[in-house]
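Here is the structure we will look at.
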Amino acid sequence: MNRMPAITRSLLIGLLACLAGALIIGGAYDLAGARTTFLLLLPLAAMVLLLAHWMAAHRRRLGGLARQFRFGVIVVVGSILASVWIAAYAMFLSHHDAVVVSVMATVIGVVALRVGEIVSRGVTSDVESLRDGLEAVGGGSRDTVVEVGGDDELAQLADSINAMIARLGAEEASREEADAARRRLVASVSHDLRTPLASLRLLVESIEDGVATGQTRDRYISQLRVHVSVLTGLVDDLFELSRIEAGDIAWTMSRIELDALVGDMVEAMRTEADTRGVRVEADLPENRLLAEANPEKVQRVLFNLIQNAIRHTPADGSVTVRARSSSGEVEVEVTDQGTGIAPDDRPHVFEPFYRGGTDSSRTTEGAGLGLAISRAIVEAHGGRIWLESSGSGTRMRFTLRSPVPG
């Protein structure tokens with residue numbers, strides 16, 4: 001159903017008002033007076049209402065809110081004066097009464113104009129605050145707070161503007177952080193690619209130029225294989241990380257025995273630990289620990305955490321892997337006896353390629369993607385991974401969901 005146009009609705013209201021006034025006059029006096037009243041007031045009401053709609057449609061010509069309020073008051077007072085003199089003309093009022101009522105209406109009109117100025121002053125001030133706030137936001141400010149003096153629709157608009165400013169600030173900060181992370185990632189990838197590529201170029205040139213022959217040539221070819229393997233691993237890790245973070249996951253989830261999986265991974269890492277003179281052991285409960293997860297991906301997380309712990313633990317030190325059940329989930333902890341992680345580096349340990357502290361020269365083993373991939377895998381499982389506070393060494397923890405009973 002189409003809504004009645006505003007001007008038609010206004011004219012209908014005026015018509016009904018004139019009919020009501022005519023009926024009142026007719027009831028108090030006679031039908032002739034009622035007809036006269038209706039015929040005299042109807043054109044006036046229609047003219048005033050049409051003028052009001054013209055004012056609403058041409059607000060730009062009228063100027064600010066204060067001027068619009070003044071015009072509105074003038075129209076209302078003018079219509080009152082006109083109706084009074086119409087009544088005098090129709091002999092409903094004496095000339096004396098018409099003058100008295102006109103003076104009273106004029107005085108009240110002047111007062112009303114002042115009232116309009118007072119009321120519009122607060123509204124105008126609030127509108128100026130809204131305008132200044134939006135101009136500041138348009139100029140790049142994100143700490144602007146729009147404040148108004150009322151508790152009305154303008155106050156609600158100010159609240160919406162402040163909420164918008166907060167969202168803009170948060171989104172820009174997030175975008176800047178993402179851009180900074182992207183730049184760091186590109187710089188890190190470039191750095192990690194430059195060294196093996198430079199070595200590959202030198203080795204290939206030596207072989208092509210005939211400088212490397214016999215056993216030297218065979219050794220160079222072996223080194224080529226190592227560098228190619230490093231590059232392949234780096235590309236594979238980057239590809240896996242980008243797929244997980246993009247949500248491109250096609251893993252098969254199943255109910256796994258996490259305690260058995262942890263025990264198997266500890267045994268698999270024991271050879272590397274023994275080579276470095278590090279003890280690695282599992283601390284597992286007697287009862288089975290069940291988790292809803294992809295076993296291959298969980299193995300990847302365990303491998304990354306245990307390998308990191310072994311690499312950062314000095315000879316004769318130990319690495320302990322614990323698992324336990326906790327509030328509808330299972331928790332795994334990997335603890336080492338290394339030098340620990342500096343406080344400034346702790347917030348960044350799960351960032352790709354980050355190696356703070358003394359490792360900033362990027363000469364240590366690995367590409368710095370292990371913890372980033374571990375975090376992505378754990379979070380894709382609906383779990384969480386974090387660095388636990390520890391008096392010495394490093395303590396990494398992550399959780400996985402327990403299977404729903406059934």
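The values are calculated or read from the model by the stated rules, or taken from the named source; none is laboratory data. All figures in this text were calculated on a predicted structure; none of them were measured in a lab. Every residue, glycine as well, gets a Cβ built from its backbone with ideal geometry; the counts of neighbours run over all protein chains shown.
Here is a list of conditions, (1) at pLDDT below 70; (2) loosely packed, with under 12 Cβ neighbours inside 10 Å, and LEU62 meets all of them except one; can you say which number that is?
(2)
Working carefully through the options VAL266, VAL189, find the one that is surrounded by 10 or more Cβ atoms within 10 Å (Cβ to Cβ) and assigned by TED's automatic domain parsing to the domain that holds LEU289.
Values: VAL189 fails: assigned by TED's automatic domain parsing to the domain that holds LEU289.
Within the list VAL266, VAL189, the selection yields VAL266.
Somewhere in the stretch 164-186, is a residue closer than 30 Å to PHE69 by Cα and either modelled with pLDDT of 85 or more or assigned to a helix (DSSP H, G or I) (or both)? Before the answer, list the steps.
As a first pass, look at the stretch 164-186 and keep what is closer than 30 Å to PHE69 by Cα: none.
Scanning the stretch 164-186 turns up no residue that is closer than 30 Å to PHE69 by Cα and either modelled with pLDDT of 85 or more or assigned to a helix (DSSP H, G or I) (or both).
Which number in (1) among the charged types (D, E, K, R); (2) assigned to a helix (DSSP H, G or I); (3) closer than 23 Å to ASN304 by Cβ marks the one condition that ASP248 misses?
(2)
Looking at (1) modelled with pLDDT of 85 or more; (2) touching a Ser or Thr at 6+ places or on another chain (Cβ under 7 Å); (3) buried (at least 19 other Cβ atoms within 10 Å of the Cβ), which is the only condition ARG355 fails?
For ARG355, the failing item is (1).
If you check every pair at least six apart or on different chains, which have Cβ atoms under 9 Å apart with a residue in the stretch 8-22 that is more than 13 Å from LEU40 (Cβ to Cβ) first and a residue that is not in a helix (DSSP H, G or I) second?
Hits for this filter: ARG9/ARG3; LEU12/MET4.
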